[in-house]
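The structure appears right after this line, and notes come after that.
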Amino acid sequence: MKEAAETASRFPRLRTRIESAEYAEAPDDTFDFGLRSLLDGLEARLRGAGD
């Protein structure tokens, strides 16, 4: 969390998000879920590109 706060310090909107109570309450796997969702979407799009 400390690293995230240090990185976010350069980005006001991100810093506000990280400092919010909502962010701290997010499930531990939130990042993994978001990344998997993004990658699944890209994979689906690449599969459809050959059509």
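Here are a few things to note about the model shown:
- Atom-type composition of the exposed protein surface of the chain places 56 percent of the accessible area on carbon and sulfur (1.4 angstrom probe).
- Each stretch of four or more DSSP H residues adds -39500 (n - 2.57); spread over every residue of the chain, this sum gives -23000 deg cm²/dmol at 222 nm.
- Solvent-accessible area per residue for the chain (1.4 angstrom probe, square angstrom): 95 Å²
- Couplings 3J(HN,Hα) of the stretch 6-23, computed from phi: 5, 5, 5, 4, 7, 10, x, 5, 5, 4, 4, 5, 5, 6, 6, 5, 4, 5 Hz, in residue order, whole Hz [Karplus 6.51 cos²θ - 1.76 cosθ + 1.60, θ = phi - 60°; x for Gly and Pro].
- Taken over the chain, the ratio of Cα radius of gyration to 2.2 N^0.38 Å equals 1.57.
- C-alpha long axis of helix 30-49 to longest principal axis of the chain, angle in °: 20 degrees
The values are calculated or read from the model by the stated rules, or taken from the named source; none is laboratory data. Quick caveat: nothing in here was measured; it's all calculated off a predicted structure. Protein only, heavy atoms only, side chains kept; ligands, DNA and RNA dropped before computing areas. Shrake-Rupley method; radii C 1.70, N 1.55, O 1.52, S 1.80 Å.
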